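Read-outs: derived from the displayed coordinates by stated rules, not from any lab. These numbers come from a predicted model, not from an experiment. With ideal geometry, Cβ positions are generated from the backbone for all residues, glycine too; neighbour counts draw on all protein chains shown.
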Amino acid sequence: MATPQSTPLVLVHGLWDTPRLFRRLEEELRGRRQPLLVPHLPHGLGQRPLLELATQLGRLVNQRFGPDQPVDVLGFSMGGLVGRSWIQLAGGAGRVRRLISVGSPQRGSLVAAPWPGRWLASIADMRPGSPLLRRLNGDLSALAGVDCCSFWCLADHMVVPSWTGVLPVGRCQQLPVWSHRQLISSPAALGPIVAELLRP
C-alpha cells in the first residue's frame, strides 16, 4: 500500500524560478519524504506554452520512476498549472495520487492580462479565460481520482484576485503570509504544507 513515505513526490517550480526555490521545503522533508524529483523546466523567459512544459514534466517523471509508479505532485505558482496540465491533458491521469497547488493561478490572474501572448505563451496561458484554462476547467473528470489541496494567501500580489488561486476541486487552506514568495519560504506556510505532504 502506498504511503506518504513511499510515494515519490514531484516538486514543480514556477515562472522565473528554478529547483532552488524548494530548498527550505526539501530541508523540512529530509528523511521524512523520499524519493523526491525536483526537475528544472526551462520556460524560455515565459515563451514556452504550459502544455509543452507539462509534456516535458511527464517525460522526466517517466525517466525517473517509470510509466506506472504513482506519484504526488506539488506545484508552486505556475508550477501548479503545469502539474495540473500534465494530469488532465498530457498523460498524467491515473498515476497522480495527490495534487497540491501552492499560490497557483488555477483560474487565471489579472497580472498576466497585459503581457503580449504572441511572445510570452507561458504568461498568456495564465490569463483569466485563456484557452488552456477553459480546457482545464471545462472538464474536471481527470481529477476525479486525485486528492487535491490548494494553499493560498489573501495578500498574493501575483495571483490576482487571490481567491482564484485555488483548484476547482478539493480542500483549500488560506495561509497567514504576506506575499507570493512567502507561500513557499515562510515557516508559517511550510508548516501546513509539510503537514499535508506527510498526511497518511
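For the chain, the residue among Gln174, Leu190, Val73 whose Cα projects farthest onto the positive side of the dipole built from Cβ charges is Val73. Size descriptor for the range 9-198, Kirkwood hydrodynamic radius: 16.2 Å (Cα pairs only, one decimal). The packing ranking of peptides 7-17, 78-88, highest mean first, is 78-88, 7-17, where packing means the average number of other beta carbon atoms within 10 angstrom of each residue.
Computed from the C-alpha gyration tensor, the three semi-axes of the ellipsoid equivalent to the range 110-200 are 25, 19, 10 Å, from longest to shortest.
Relative contact order for the range 1-121: 29 percent, from Cα pairs under 8 Å spaced at least 6 residues apart, divided by residue count. Using only side-chain charges placed at the Cβ, +1 for Lys and Arg and -1 for Asp and Glu, the dipole size of the chain relative to its Cα centre rounds to 100 debye.
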